[in-house]
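Colleague: I have a structure I would like to understand better, so I am pasting it below and will then ask my questions one at a time.
The values are calculated or read from the model by the stated rules, or taken from the named source; none is laboratory data. Here the structure is a predicted model, which means the values were calculated and not measured. Using ideal geometry, Cβ is built from the backbone for each residue, glycine included, and neighbour counts are taken over all protein chains shown.
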Amino acid sequence: MSNKPRHICKRIGDRRNITDFWTLKNKEVRLDSCMALQVVRLAEAYPTLACCCGHNKYSKTIVIATPQGDFIEYFTGIPIPREKRFYIKDSEGFYFIPEVENVGK
């Protein structure tokens, strides 16, 4: 298991070798390497539930639980009105959070 990012998404659709296993709160999880350190540090302060770098197609997102028990997207502060299945898969196999991508549309 690596403790530093090895690959960074450089173009739309690049999903090769960009995830590694990391340990968060004694649980092994798979994280996009290009944002793993950010997620690991954030998880020290907030329950971190899900994340995706967006693979240069969608916005980079991290879902956290607030002290009040709400679920929000960390970078935008947008509330997520569900307790699981935060991401939706598009027709090309990429995951995104609809509430984040639909802002301003």
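Colleague: Scan the range 62-87 residue by residue and report those that are closer than 11 Å to VAL100 by Cβ and either aliphatic (A, V, I, L, M) or within 13 Å of the chain's Cα centre (by Cα) (or both). Please lay out each step first, then the result.
Modeller: First, the residues of the range 62-87 that are closer than 11 Å to VAL100 by Cβ: 62-63, 72-80, 86-87.
Listed by number, the residues that qualify are ILE62, VAL63, ILE72, GLU73, TYR74, PHE75, THR76, ILE78, ILE80, PHE86, TYR87.
Colleague: Filter the range 16-45 down to residues that are over 11 Å from the mean Cα position of the chain (by Cα), more than 14 Å from TYR74 (Cα to Cα) and surrounded by 16 or more Cβ atoms within 10 Å (Cβ to Cβ) and give me whichever is modelled with the highest pLDDT.
Modeller: Among those residues, the one meeting the criterion is VAL29.
Colleague: Going through the range 67-105 one residue at a time, which ones are touching a helix residue (DSSP H, G or I) at 6+ places or on another chain (Cβ under 8 Å) and of a type in the set (Val, Ile, Thr)?
Modeller: Across the range 67-105, the qualifying residues are THR76, ILE78, ILE80, ILE88.
Colleague: Go through the range 26-73 and report how many residues are among the hydrophobic types (A, V, I, L, M, F, W, C), part of a loop (DSSP other than H, G, I, E, B) and touching a Cys at 6+ places or on another chain (Cβ under 7 Å). Before the answer, list the steps.
Modeller: The initial filter retains those residues of the range 26-73 that are among the hydrophobic types (A, V, I, L, M, F, W, C), namely 29, 31, 34-37, 39-40, 42-43, 45, 49-53, 62-65, 71-72.
Then keep just the ones that are part of a loop (DSSP other than H, G, I, E, B); that gives 45, 53.
If we keep only those that are touching a Cys at 6+ places or on another chain (Cβ under 7 Å) too, we end up with 53.
Result for the range 26-73: 1.
Colleague: Tell me which residues, restricted to the range 76-105, are under 22 Å from TRP22 (Cα atoms) and free of Cβ contacts under 8 Å to residues at least 24 places away in the same chain.
Modeller: Passing the criteria: LYS84, ARG85.
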